[in-house]
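Undergrad: Quick one: the structure is below, and I'll ask about it shortly.
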Ligand code: ARG
Ligand code: ZN
């Protein structure tokens with residue numbers, strides 16, 4: 001029952017206005033919806049039946065056309081729809097009354113309860129869980145929403161737009177009426193009702209309008225919203241400065257809820273957030289949490305223009321708003337913090353999770369061609385790879401050209417529901433450029449490999465860069481065509497400094513230039529190159545490809561690691577050196593008899609060579625480098641990235657080899673790591689602040705501590721326990737706990753107990769406590785993780801708890817235990833969760849989609865779990881899609 005992009009047809013009816021009345025009650029909630037419908041079918045044509053989307057837990061209790069009840073023969077109801085069989089010709093009014101039970105809605109789609117309060121989540125297709133409706137984004141209407149509820153229990157009543165009216169009703173009830181002047185698709189509708197408290201602030205726009213900003217939480221949490229408020233104001237300012245976009249209403253609300261499937265939702269003027277992305281204080285939140293909050297507050301705010309004012313025609317176009325808005329939030333975070341480090345983090349995430357998605361059974365282009373359940377396509381491909389494709393325009397056109405394209409996009413499409421092609425056309429037309437080469441990125445899945453070879457002609461003093469691109473076949477797409485790959489390059493001289501670039505026929509280009517690789521083979525010749533240079537390729541990760549550089553030596557990489565003026569490539573050179581070593585050691589260990597201890601295999605294969613230790617040390621001791629950059633440069637490639645480079649990998653061995661390299665670095669650089677820890681201690685008494693300087697100190701210190709922790713010496717363990725106890729903020733406390741948790745010492749249990757005792761009333765902090773135990777690498781940890789499901793800290797109906805425990809575990813090496821116990825546990829969890837929450841269940845099921853990357857024994861065990869899940873009666877469409885698409889690849 002897949003839906004295809006190629007089948008898109010405009011709706012037969014449109015809706016001008018929607019009048020909703022919610023009567024919220026503990027037993028049954030009634031929703032009355034009055035729609036002003038108008039024909040969108042051919043003029044003079046007969047009125048076709050009106051098909052409205054619904055859900056099986058929505059009960060129809062009334063249906064009127066133009067004020068007259070529709071007789072039973074006039075409509076048809078199925079578990080998923082309501083069809084009005086013969087609508088009147090011309091515009092007409094339809095009234096639909098439904099009965100729903102938000103208190104029983106554990107899907108967390110539509111209207112549901114969280115922490116005793118009502119809230120909604122309608123993207124992508126949750127509105128049909130509230131009332132029968134044309135639940136598709138190209139139907140945009142103006143909404144008026146009346147909410148009636150008990151005044152004692154639900155003093156706060158919120159919806160989109162402006163508050164028009166409020167007052168008392170008979171009994172203890174009250175009401176509020178909200179009106180949103182901007183037409184919107186129903187996925188942007190929101191309602192909140194509850195005993196919430198707020199913090200209020202204002203922001204004055206560049207044109208002088210004062211906007212009231214409110215953040216609502218449960219009473220106990222209101223002291224934790226200041227950081228989110230500051231982030232919101234920074235976002236508003238940034239969008240004006242960089243894109244010339246101002247906020248368009250007088251009120252902007254954010255509400256934090258504990259039970260939420262995703263991160264947050266950009267409902268018009270009433271953003272609803274997972275509380276872990278709003279609430280922060282130094283004692284509960286890490287630097288990483290602060291950074292994510294800033295980024296997501298920005299993301300949802302930026303959607304007001306890229307998503308809400310201009311929305312998607314259909315869900316296949318999701319990357320139109322998500323890829324673009326991720327690109328915008330990345331730019332915001334880069335400007336607020338360290339731009340190079342932000343870029344490195346984003347690329348690391350892309351490689352660790354998107355590349356494997358692109359190589360697996362769920363591979364899809366950033367604009368998918370079909371889906372069974374749209375929720376399964378809120379993916380790293382649509383979001384993060386989508387953002388990389390937006391970045392291509394930016395790289396090709398430059399910031400000013402990109403801005404011209406954005407301006408034209410809004411000029412043409414404000415108030416419309418449009419497509420990715422419309423975006424491309426705006427970028428192209430605004431700049432008079434042919435960007436059709438970018439277009440292919442929207443339709444092809446898979447990560448291209450770009451292979452580069454170079455040739456230096458000493459006599460002619462010319463240097464030629466030749467490229468060859470291949471996109472591998474993916475699920476349903478056997479043949480691929482070349483895409484446009486902007487290749488940003490520089491040439492390094494023997495001292496590691498940039499050489500001035502001269503390209504045949506192009507004159508002087510400065511230190512970096514962008515080459516357009518748009519064919520299977522391309523070649524570019526630089527002239528006036530005095531000495532053979534070392535090419536610095538794909539600077540800033542200028543395209544989401546796998547780069548293979550022929551003839552790239554360790555000497556080249558070390559030169560770049562020490563000197564490349566492009567910070568991304570400087571980091572990248574280090575990663576390539578580590579990766580080469582890791583693969584070599586893995587090969588040696590995999591080839592040896594299992595009786596030989598791993599350390600001996602690795603030592604026999606050369607261990608960690610002195611040159612690498614020296615390069616690592618040089619970074620650590622470089623007085624000019626930023627601490628957070630150093631910490632990134634000291635990090636070995638992730639498990640996922642290493643596994644991606646090995647055919648049928650043994651994940652346990654990969655983990656051991658990676659651990660071995662950290663141990664060697666710790667052994668050989670212990671004094672330097674200890675010195676880095678000392679030098680970066682924040683002086684006692686300094687109050688915690690989330691700022692670049694403090695974050696850099698903490699991350700470098702904690703990274704050094706974690707590398708030393710791999711030594712598992714009692715002395716270091718003791719020091720860690722002390723650090724854990726003396727930590728004055730959650731960043732340092734969690735860093736120490738994470739290392740302790742991976743070591744089998746009494747300090748481990750002590751630290752975990754103390755942490756729990758200190759935080760047992762803080763659900764968000766307990767998520768960290770669950771996650772750190774779930775992802776622990778100690779052999780046999782599975783028993784503890786299973787036991788945690790019965791712990792009071794774990795609530796199975798709260799997605800955050802499931803993500804911490806199940807996804808935390810699925811990321812750990814114990815997921816891959818040779819006896820299959822980890823796979824069985826996750827299989828059990830998917831089956832159990834699917835009865836409660838389909839979206840959460842399908843995300844957990846995603847852990848099995850990488851099965852092809854592992855050795856035959858593990859493949860067989862993962863496939864066995866997929867089959868076991870597939871055999872479950874009454875599986876949700878969400879899980880069904882993941883599981884069947886995976887099994888098709890067996
Ligand atoms: N639009 C939201 C955001 O990215 C995410 C909504 C996710 N909804 C879903 N059903 N998966 O900001
Ligand atoms: Zn988004």
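The values are calculated or read from the model by the stated rules, or taken from the named source; none is laboratory data. From a predicted model like this one, the values you see are computed outputs, not experimental measurements. Don't worry about glycine lacking a Cβ; one is built from the backbone with ideal geometry, like all the others, and counts go over all protein chains shown.
Undergrad: Just one of the numbered conditions (1) assigned to a helix (DSSP H, G or I); (2) touching a residue at least 60 places away in the same chain (Cβ under 8 Å); (3) within 25 Å of residue 239 (Cα to Cα) is not true of residue 404; which one?
TA: Of everything listed in (1) assigned to a helix (DSSP H, G or I); (2) touching a residue at least 60 places away in the same chain (Cβ under 8 Å); (3) within 25 Å of residue 239 (Cα to Cα), residue 404 misses just condition (2).
Undergrad: Would you kindly identify the helices (runs of 4 or more DSSP H) lying entirely within region 806-883 that contain at least 3 residues that are within 27 Å of residue 126 (Cα to Cα) and either touching a strand residue (DSSP E or B) at 6+ places or on another chain (Cβ under 8 Å) or in contact (Cβ under 8 Å) with a residue 40 or more places away in the chain (or both)?
TA: 821-834, 838-845
Undergrad: Looking at region 297-313, which of its residues are within 8 Å of ligand 2 (Cβ to nearest atom) and either farther than 13 Å from residue 252 by Cβ or in a loop (DSSP other than H, G, I, E, B) (or both)?
TA: 299, 303, 307
Undergrad: Only one of 17, 29 is farther than 15 Å from residue 133 by Cβ and in contact with a strand residue (DSSP E or B) (Cβ under 6 Å, 6 or more places away or on another chain); which?
TA: Residue meeting the stated conditions: 29.
Undergrad: Can you name the residue in region 352-369 that is in contact with a strand residue (DSSP E or B) (Cβ under 9 Å, 6 or more places away or on another chain) and more than 19 Å from residue 845 (Cβ to Cβ) and, of all such residues, is surrounded by the most Cβ atoms within 10 Å (Cβ to Cβ)?
TA: The extreme case among them is 365.
Yes/no matrix, rows are residues, columns are (1) crowded, with 19+ Cβ neighbours inside 10 Å; (2) in contact with a helix residue (DSSP H, G or I) (Cβ under 6 Å, 6 or more places away or on another chain); (3) farther than 26 Å from residue 526 by Cβ; (4) at pLDDT 95 or above:
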| residue | (1), (2), (3), (4) |
| --- | --- |
| 393 | yes, yes, no, yes |
| 420 | yes, yes, yes, yes |
| 438 | yes, yes, no, yes |
| 442 | yes, yes, yes, yes |
| 456 | no, no, no, yes |
| 459 | no, no, no, yes |
| 462 | no, no, no, yes |
| 468 | no, no, no, yes |
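Undergrad: Can you pull out every residue in region 306-326 that is surrounded by 24 or more Cβ atoms within 10 Å (Cβ to Cβ) and more than 10 Å from ligand 1 (Cβ to nearest atom)?
TA: 306, 311, 316, 317, 319, 320, 323, 324
Undergrad: Might you let me know whether region 373-389 holds any residue that is within 19 Å of the chain's Cα centre (by Cα), in a loop (DSSP other than H, G, I, E, B), over 15 Å from residue 474 (Cβ atoms) and within 16 Å of ligand 2 (Cβ to nearest atom)?
TA: Within region 373-389 (the criterion being within 19 Å of the chain's Cα centre (by Cα), in a loop (DSSP other than H, G, I, E, B), over 15 Å from residue 474 (Cβ atoms) and within 16 Å of ligand 2 (Cβ to nearest atom)), the answer is yes, since at least one residue qualifies.
Undergrad: Now for a separate question. Scan region 243-263 residue by residue and report those that are within 16 Å of ligand 2 (Cβ to nearest atom), without any contact (Cβ under 8 Å) to a residue 60 or more places away in the chain and surrounded by 21 or more Cβ atoms within 10 Å (Cβ to Cβ).
TA: Passing the criteria: only 254.
Undergrad: To continue, here is another question. Quick one: how many residues across region 551-565 are in contact (Cβ under 8 Å) with a residue 60 or more places away in the chain, under 13 Å from residue 493 (Cα atoms) and over 33 Å from the mean Cα position of the chain (by Cα)?
TA: Looking only at that region, the number is 1.
Undergrad: Testing residue 239 on (1) within 16 Å of ligand 2 (Cβ to nearest atom); (2) in contact with a strand residue (DSSP E or B) (Cβ under 6 Å, 6 or more places away or on another chain); (3) not in a loop (DSSP other than H, G, I, E, B), one condition comes back false. Which one is that?
TA: The number of the failed condition is (2).
Undergrad: Would you call residue 718 part of a helix (DSSP H, G or I), crowded, with 21+ Cβ neighbours inside 10 Å, without any contact (Cβ under 8 Å) to a residue 40 or more places away in the chain and touching a helix residue (DSSP H, G or I) at 6+ places or on another chain (Cβ under 9 Å)?
TA: no
Undergrad: So which of 349, 424 ends up being more than 16 Å from ligand 1 (Cβ to nearest atom), surrounded by fewer than 23 Cβ atoms within 10 Å (Cβ to Cβ) and assigned to a helix (DSSP H, G or I)?
TA: Step by step, each of 349, 424 is checked, and only 424 is more than 16 Å from ligand 1 (Cβ to nearest atom), surrounded by fewer than 23 Cβ atoms within 10 Å (Cβ to Cβ) and assigned to a helix (DSSP H, G or I).
Undergrad: Hey, among 365, 340, which residue is over 30 Å from residue 282 (Cβ atoms) and away from ligand 1 (no atom under 15 Å from the Cβ)?
TA: Result: 365 is the single residue among 365, 340 that is over 30 Å from residue 282 (Cβ atoms) and away from ligand 1 (no atom under 15 Å from the Cβ).
Undergrad: Name the single residue that is farthest from ligand 1 (Cβ to nearest atom) among those in region 266-281 being buried (at least 24 other Cβ atoms within 10 Å of the Cβ) and assigned to a strand (DSSP E or B).
TA: Of everything passing the filter in region 266-281, 270 is farthest from ligand 1 (Cβ to nearest atom).
Undergrad: Which of the residues spanning region 430-452 are without any contact (Cβ under 8 Å) to a residue 60 or more places away in the chain and either within 18 Å of residue 319 (Cα to Cα) or part of a helix (DSSP H, G or I) (or both)?
TA: If the condition is that a residue be without any contact (Cβ under 8 Å) to a residue 60 or more places away in the chain and either within 18 Å of residue 319 (Cα to Cα) or part of a helix (DSSP H, G or I) (or both), then 430, 431, 435, 436, 438, 439, 440 are the ones that fit.
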